[in-house]
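Engineer: Here you go, one structure.
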Amino acid sequence: MKATKFIILVGGLLGLLAFFLPLVSVERGGHSASVSAFQVMKGLDAVEVSVDQGAASREIDVATSASAKQDIGAMKGIVMAIFAPAALLALLGGLGVKRRRFGRVAATFSLLGGIAGLGIASILKSAAGGDGGIGLTLLMVTGVAGIIGGLIALVKPERLAQPKTQAVPNLATVTVARAAA
């Protein structure tokens with residue numbers, strides 16, 4: 001089906017957009033705050049710079065600095081892994097649009113990426129409770145789009161349309177045609 005690659009592409013792009021939108025929005029005691037994954041990454045970068053400055057000025061020892069930097073890198077990896085299914089779906093959808101076909105292999109990876117994305121988003125949404133932001137909702141939409149697009153493409157994959165060629169007459173048809181004339 002022709003629409004599957006566009007469903008998957010749009011779902012992936014929505015998931016990537018969620019990186020910049022509030023994942024969590026908290027309102028307590030008249031004060032509200034929201035944070036996006038992009039802000040978390042920038043905050044982790046600022047913490048990493050502070051650790052480097054602390055190590056340079058000998059406020060913390062080298063072993064503690066190395067351990068802190070390793071842990072900060074792991075946290076960045078976890079934040080980025082949340083958006084890996086969305087990046088996979090955007091990549092698969094983009095390649096499908098470029099190639100003008102979307103076969104069963106791409107559909108299988110889209111389905112798996114959609115399941116993973118929906119699972120991750122569901123876990124995060126339940127952990128956030130009522131404080132989930134629009135970013136988490138878009139991550140769930142990304143997972144659903146990957147699942148729906150993957151299932152449709154598995155049932156009816158889109159193959160490259162074969163150009164219609166005219167049949168070249170062979171010797172037998174030429175001989176029969178001359179004998180009839």
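The values are calculated or read from the model by the stated rules, or taken from the named source; none is laboratory data. Given the structure is predicted, the values throughout are model-derived calculations rather than measurements. Here Cβ is always computed from backbone atoms with ideal geometry, including for glycine, and neighbour counts include all displayed protein chains.
Engineer: From the list G135, G93, which residue is in a helix (DSSP H, G or I), touching a Lys or Arg at 6+ places or on another chain (Cβ under 6 Å), of a type outside the set (A, V, I, L, M, F, W, C) and in contact (Cβ under 8 Å) with a residue 12 or more places away in the chain?
Structural biologist: That would be G93, the only listed residue that is in a helix (DSSP H, G or I), touching a Lys or Arg at 6+ places or on another chain (Cβ under 6 Å), of a type outside the set (A, V, I, L, M, F, W, C) and in contact (Cβ under 8 Å) with a residue 12 or more places away in the chain.
Engineer: In segment 24-63, how many are more than 27 Å from the chain's Cα centre (by Cα), among the polar types (S, T, N, Q) and part of a helix (DSSP H, G or I)?
Structural biologist: 2
Engineer: Which residues, counting only those in segment 136-155, are farther than 25 Å from R104 by Cβ and either surrounded by fewer than 16 Cβ atoms within 10 Å (Cβ to Cβ) or in contact with a helix residue (DSSP H, G or I) (Cβ under 7 Å, 6 or more places away or on another chain) (or both)?
Structural biologist: If the condition is that a residue be farther than 25 Å from R104 by Cβ and either surrounded by fewer than 16 Cβ atoms within 10 Å (Cβ to Cβ) or in contact with a helix residue (DSSP H, G or I) (Cβ under 7 Å, 6 or more places away or on another chain) (or both), then L136, L138, L139, M140 are the ones that fit.
Engineer: From G146, G73, G129, grab the single residue that is in a helix (DSSP H, G or I) and in contact (Cβ under 8 Å) with a residue 60 or more places away in the chain. Can you show your working first?
Structural biologist: Details: G73 fails: in contact (Cβ under 8 Å) with a residue 60 or more places away in the chain; G129 fails: in contact (Cβ under 8 Å) with a residue 60 or more places away in the chain.
Among G146, G73, G129, only G146 is in a helix (DSSP H, G or I) and in contact (Cβ under 8 Å) with a residue 60 or more places away in the chain.
Engineer: Just to verify a result, which residue in segment 1-23, among those that are in a loop (DSSP other than H, G, I, E, B) and in contact with an Asp or Glu (Cβ under 7 Å, 6 or more places away or on another chain), is modelled with the lowest pLDDT? First the steps, then the outcome.
Structural biologist: Step one: of segment 1-23, the residues in a loop (DSSP other than H, G, I, E, B) are 1-3, 18-21.
Now restrict to residues that are in contact with an Asp or Glu (Cβ under 7 Å, 6 or more places away or on another chain): 1-2.
Numbers: M1: 62, K2: 80.
Checked segment 1-23; the qualifying residue modelled with the lowest pLDDT is M1.
Engineer: So the check is Cβ under 9 Å with 6+ separation or different chains; which pairs have a first residue in segment 21-50 that's in contact (Cβ under 8 Å) with a residue 60 or more places away in the chain and farther than 19 Å from M80 by Cβ and a second one that's outside any loop (DSSP other than H, G, I, E, B) and of a type in the set (V, I, T)?
Structural biologist: Pairs that qualify, where the first residue is in contact (Cβ under 8 Å) with a residue 60 or more places away in the chain and farther than 19 Å from M80 by Cβ and the partner is outside any loop (DSSP other than H, G, I, E, B) and of a type in the set (V, I, T), are S25/V35; S25/I134; V26/V35; S34/V24; S34/V26.
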